[in-house]
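J.: Please read through the structure below; I'll follow up with questions.
The values are calculated or read from the model by the stated rules, or taken from the named source; none is laboratory data. Model, not experiment: these values are computed from the prediction. As a convention, Cβ positions derive from the backbone with ideal geometry for all residues, glycine included, and neighbour counts pool all protein chains shown. Calculation scope for accessible area: heavy atoms of the full protein, side chains included, ligands and nucleic acids excluded. Shrake-Rupley method; radii C 1.70, N 1.55, O 1.52, S 1.80 Å.
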Amino acid sequence: AQKITQTQPGMFVQEKEAVTLDCTYDTSDQSYGLFWYKQPSSGEMIFLIYQGSYDEQNATEGRYSLNFQKARKSANLVISASQLGDSAMYFCAMREYRGSTLGRLYFGRGTQLTVWP
Amino acid sequence: DAGITQSPRYKITETGRQVTLMCHQTWSHSYMFWYRQDLGHGLRLIYYSAAADITDKGEVPDGYVVSRSKTENFPLTLESATRSQTSVYFCASSESRTGVNTEAFFGQGTRLTVV
């Protein structure tokens, strides 16, 4: 079974609008971390935001926020006020902090976001 | 310079040859990872290492070998390259603290083509 599922291969949003990128995860651990990365067309991996499983508040970093719903095992990324430079591939990732897979970092298949003017 | 570097950036090799991709980090991070990125598959974990001399398989380890004799280096070897191993390979490193942000820092990637 996939640890990280991103069901949207592609998303389109108009400049200045908000967009939500979906991510669900699968783990039996109580202690884990969730991450979002951005990969522009140049290829580098850029860390955006982190959410710990014990964090009670949703993480925010500038225009990025993580909508963390623990019972649903979802960790959606919300980008507010989209900009043309947000066009990129976005990856959701999870790291387990206990058990036999301690330390492993799993990625989803990604969502290609296109921002249009 | 501080950071994580991969070499080479681009490599073309022939089927059946052995090829080694290098990864070096300067932060003394305990964890290091190797991923391959293919269209439609995202990043798939090949091998990872929790510390020097400790390595473990990821999701797609077949055909690959790793070693970690020093904390800062984590080379990935394709013992006998196949066309299906044509991919972009990313190395990453991170700290090992539990329960706090342990983001992984990525190298620039190595584009490997097996002909």
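J.: Mind checking which residues of region A:64-76 are out of contact with any strand residue (DSSP E or B) (no Cβ under 6 Å at 6 or more places or on another chain) and surrounded by 12 or more Cβ atoms within 10 Å (Cβ to Cβ)? Full working, then the answer.
T.: From region A:64-76, those out of contact with any strand residue (DSSP E or B) (no Cβ under 6 Å at 6 or more places or on another chain) are A:69-72; that's our starting set.
Matches in region A:64-76: A:70 only.
J.: Could you list, in sequence order, the residues of region A:50-62 that are part of a loop (DSSP other than H, G, I, E, B) and open to solvent by 60 Å² or more (accessible area, probe 1.4 Å)? Full working, then the answer.
T.: Start the filter on region A:50-62 by keeping residues that are part of a loop (DSSP other than H, G, I, E, B), which leaves A:53-59, A:62.
Within region A:50-62, A:54, A:55, A:56, A:57, A:58, A:62 qualify.
J.: What residue, among those in region A:50-64 that are closer than 15 Å to residue B:101 by Cα and among the small types (Gly, Ala, Ser), is nearest to the other protein chains (Cβ to nearest Cβ)? Quick ask: steps written out before the conclusion?
T.: Going residue by residue through region A:50-64, those that are closer than 15 Å to residue B:101 by Cα are A:50-61.
Of the ones still in play, those that are also among the small types (Gly, Ala, Ser) are A:52-53, A:59.
Details: A:52: 6, A:53: 8, A:59: 9 Å.
Residue satisfying both the conditions and the ranking: A:52.
J.: Could you please find all residues in region A:67-80 being among the hydrophobic types (A, V, I, L, M, F, W, C) and either modelled with pLDDT under 95 or within 16 Å of residue A:27 (Cβ to Cβ) (or both)?
T.: If the condition is that a residue be among the hydrophobic types (A, V, I, L, M, F, W, C) and either modelled with pLDDT under 95 or within 16 Å of residue A:27 (Cβ to Cβ) (or both), then A:68, A:71, A:75 are the ones that fit.
J.: Residue A:93: within 14 Å of chain B (Cβ to nearest Cβ), without any contact (Cβ under 8 Å) to a residue 40 or more places away in the chain, within 15 Å of the chain's Cα centre (by Cα) and crowded, with 19+ Cβ neighbours inside 10 Å, yes or no? Full working, then the answer.
T.: Values: within 14 Å of chain B (Cβ to nearest Cβ): yes; without any contact (Cβ under 8 Å) to a residue 40 or more places away in the chain: no; within 15 Å of the chain's Cα centre (by Cα): yes; crowded, with 19+ Cβ neighbours inside 10 Å: yes.
For residue A:93, the condition - within 14 Å of chain B (Cβ to nearest Cβ), without any contact (Cβ under 8 Å) to a residue 40 or more places away in the chain, within 15 Å of the chain's Cα centre (by Cα) and crowded, with 19+ Cβ neighbours inside 10 Å - is not met.
J.: For the condition surrounded by 14 or more Cβ atoms within 10 Å (Cβ to Cβ) and farther than 23 Å from residue B:101 by Cβ, what is the one hit in B:9, B:36, B:17? It would help to see each step written out before you state the result.
T.: Values: B:9 fails: surrounded by 14 or more Cβ atoms within 10 Å (Cβ to Cβ); B:17 fails: surrounded by 14 or more Cβ atoms within 10 Å (Cβ to Cβ).
It is B:36.
J.: Pick from region A:15-49 the residues that are open to solvent by 30 Å² or more (accessible area, probe 1.4 Å) and in a strand (DSSP E or B): which of them is nearest to the other protein chains (Cβ to nearest Cβ)? Don't jump to the end; show me each part of the working.
T.: First, pick out the residues of region A:15-49 that are open to solvent by 30 Å² or more (accessible area, probe 1.4 Å): A:15-18, A:20, A:22, A:24, A:26, A:28-30, A:41-42, A:44, A:46-47.
Add one more test, that the residue is in a strand (DSSP E or B), and what stays is A:20, A:24, A:46-47.
Working: A:20: 19, A:24: 14, A:46: 9, A:47: 4 Å.
Taking the candidates together, the pick is A:47.
J.: Where in region B:1-110 are there strands (runs of 3 or more DSSP E), lying wholly inside it, with at least 3 residues that are touching a Pro at 6+ places or on another chain (Cβ under 9 Å)?
T.: Numbers: elements: B:4-7, B:10-13, B:19-25, B:31-38, B:42-51, B:54-57, B:64-66, B:76-78, B:87-94.
Output list reads B:19-25, B:42-51.
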